[in-house]
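The values are calculated or read from the model by the stated rules, or taken from the named source; none is laboratory data. Note that this is a predicted model, so its numbers are computed, not measured. Every residue, glycine among them, receives a Cβ derived from its backbone with ideal geometry; neighbour counts consider all protein chains shown.
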Amino acid sequence: MLPAEPPRVRVVHLATPPVARFVPAGVFDDYGWCTSDALEWRTPAGLWDGATPLDGGDPARMVFVVREAGAFLPRELACVHAFGLGLVDEQALAPWAIDDATDGLHARRVRPRDALWLAADNLDALFWGLHDWAHFHNHGPLEQRAWTELQCDATALAWLWHNLAAIPLDNAAWERARREAATLSRGRFAAEGVAFDEAALAPGRLQALVGACARTSRS
């Protein structure tokens, strides 16, 4: 019997340039403590699903795989959460430990890119991976969650827009994700009894957040 062929894996280095803080100053206690630049993203070749909705549930088939520098992070087997990448014994950040990772990376001054790479095969998973990537670079006490998540939502959407061609993602799919993210954010603000500024996630504002930074490079 011939040995099984290794899975075909697409590896993309997404450009994640710094995004200016636009929420009130007290929301974060160390915004931009580590300058964001790139996120290594891996997905099974030919299996990308750009139609998954952003519904606020736990993203399926998404996990941050841990590099050696992230050995201090809470971990689980990566293959439990990500498929088609040939993962066997590799460890991943436990999905319940995003806040722990945000605190741990900040306290140890470990660059997120040195500790983690992202496995995701669908738009919902990629959006939340980028949302968490924003958390990892911008520390906050999470005392004003609606504002904190708004900044990270906006950053994730800006990074998706910045990397449209490399994902690949068309304008219509990005706009749908933007509207769904706005619905989630609107609900968070309502739950906290705080007014939501619809302009915060307006298309033009998001598309301008990353400015003229260099486009994505693909490995």
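General remarks:
- Subset of region 32-75 that is out of contact with any strand residue (DSSP E or B) (no Cβ under 8 Å at 6 or more places or on another chain) and not in a loop (DSSP other than H, G, I, E, B) - its residue that is surrounded by the fewest Cβ atoms within 10 Å (Cβ to Cβ): Glu68
- Count - residues of region 104-125 that are assigned to a helix (DSSP H, G or I), closer than 22 Å to Asp58 by Cα and charged (D, E, K, R): 1
- Of the residues making up region 166-189, one or more are at pLDDT below 95 and touching a Phe, Trp or Tyr at 6+ places or on another chain (Cβ under 8 Å).
- Checking Val12 against (1) in a loop (DSSP other than H, G, I, E, B); (2) touching a residue at least 60 places away in the same chain (Cβ under 8 Å), the condition it does not meet: (1)
- Phe189 meets all of the listed conditions (1) aromatic (Phe, Trp, Tyr); (2) over 30 Å from Leu47 (Cβ atoms); (3) surrounded by 23 or more Cβ atoms within 10 Å (Cβ to Cβ) but one, namely (3).
- Checking each residue in region 38-57 for being within 13 Å of the chain's Cα centre (by Cα) and either of a type in the set (A, V, I, L, M, F, W, C) or farther than 13 Å from Ala119 by Cβ (or both) picks out Ala38, Leu39, Trp41, Leu54.
- Just one residue in the set Arg67, Arg61 is at pLDDT below 95, in contact with a helix residue (DSSP H, G or I) (Cβ under 9 Å, 6 or more places away or on another chain) and of a type in the set (Lys, Arg); that residue is Arg61.
- All positions within region 104-139 that are under 23 Å from Leu184 (Cβ atoms), surrounded by fewer than 20 Cβ atoms within 10 Å (Cβ to Cβ) and out of contact with any His (no Cβ under 9 Å at 6 or more places or on another chain): Asn122
- Residue count, region 88-103 (criterion: part of a helix (DSSP H, G or I) and surrounded by 18 or more Cβ atoms within 10 Å (Cβ to Cβ)): 2
- Checked against the criterion of being under 20 Å from the mean Cα position of the chain (by Cα) and not in a helix (DSSP H, G or I), the candidates Leu184, Leu160, Leu169 yield just one match: Leu169.
- Test: residue in region 193-207 that is within 13 Å of Val23 (Cβ to Cβ) and crowded, with 20+ Cβ neighbours inside 10 Å: yes
- Filter pass, Leu142 being touching a residue at least 40 places away in the same chain (Cβ under 8 Å) and either surrounded by fewer than 19 Cβ atoms within 10 Å (Cβ to Cβ) or outside any helix (DSSP H, G or I) (or both): yes
- Meets criteria (more than 21 Å from Val11 (Cβ to Cβ), surrounded by 20 or more Cβ atoms within 10 Å (Cβ to Cβ), within 17 Å of the chain's Cα centre (by Cα) and not aromatic (Phe, Trp, Tyr)) for Arg178: yes
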